[in-house]
Amino acid sequence: MIEIAEADFDDPGLTVFLQEHLDDIAPTGPQESQHALDVGALRGPGVRLWVARDGDVTVGTVALAALAEGHEELKSMRTAPARRGAGIASRMLNHVLQDAQGRGVNRVSLETGSMDFFAPARAFYRKAGFTDCPPFGSYGADPNSVFMTLALRPSV
């Protein structure tokens, strides 16, 4: 049974999982075009990290980082390679979007790679309703990046 909860940064398995994410994307493009957060940045102010676990095993992560009033960025979205296609990413995305909406966030944006490696991620986000947008926050135009955004409905 998959459970999603706020991250326990004292969990060594989480640190390993997050490092695997950085290792996965390292060969995909130049360093200046890689915007994944390391563990230290994920612990920073304005960042909320959740972990999907199957028993004692971390099978996914997702974070939201504050950009501006009512606007947050989706970060560190990753499903364990062996568990991809099992609906974990959809559950995590729904979880964080509901959390954001419940806190009055009205827009969630993301940056992902433009390379083939990231094609499944771009398709996943588009299926979830994200649309391409210009760079946001501190990002600049970058041929190695695709920027996407999703407007959230006010919660009732």
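Of the residues Gly60, Gly70, Gly85, the one that moves most in a GNM of the chain with alpha-carbon contacts below 10 Å is Gly85. In this structure Ile4 has an accessible area near 40 Å², from a 1.4 Å probe over the protein heavy atoms.
Between Asp23, Asp142, Asp56, the Gaussian network model of the chain with springs among Cα atoms under 10 angstrom shows the greatest mean-square fluctuation at Asp56.
With contacts taken as Cα pairs under 8 Å at a separation of at least 6 residues, the stretch 1-137 carries a relative contact order of 20 percent. All distinct Cα pairs of the chain go into the 1/r average, and the inverse of that average, the Kirkwood radius, is 15.9 Å. Between Arg43 and Ile2, what length comes free when the chain is fully extended (0.36 nm per residue of separation minus the Cα-Cα distance, one decimal in nm)? Separation in residues times 0.36 nm, less the Cα-Cα distance, equals 12.4 nm. Highest mean packing comes first when the peptides 93-99, 113-119 are listed by Cβ atoms within 10 Å, giving 93-99, 113-119. Amide H to amide H distances under 5 Å link Val146 with Thr112, Gly113, Ser114, where only residues 5 or more positions off or on other chains count and H is placed in the peptide plane.
The helix-only estimate of mean residue ellipticity at 222 nm for the chain, built from DSSP H runs of length n ≥ 4 each weighted as -39500 (n - 2.57), is -8000 deg cm²/dmol after division by the residue total.
Loop-located GluC sites (Glu not before Pro) in the stretch 1-91 (DSSP state other than H, G, I, E, B) with a sparse environment of at most 16 neighbouring Cβ atoms within 10 Å: Glu69. When the chain is treated as a Gaussian network with alpha carbon springs shorter than 10 Å, the biggest mean-square fluctuation among Gln101, Gln31, Gln19 belongs to Gln31.
The values are calculated or read from the model by the stated rules, or taken from the named source; none is laboratory data. This is a predicted model, so every value here is computed, not measured. Counting neighbours? That spans all protein chains shown, and the Cβs are built from the backbone with ideal geometry, glycine included. In case anyone asks, the SASA skips ligands and DNA or RNA and just uses the protein heavy atoms, side chains included. Shrake-Rupley method; radii C 1.70, N 1.55, O 1.52, S 1.80 Å.
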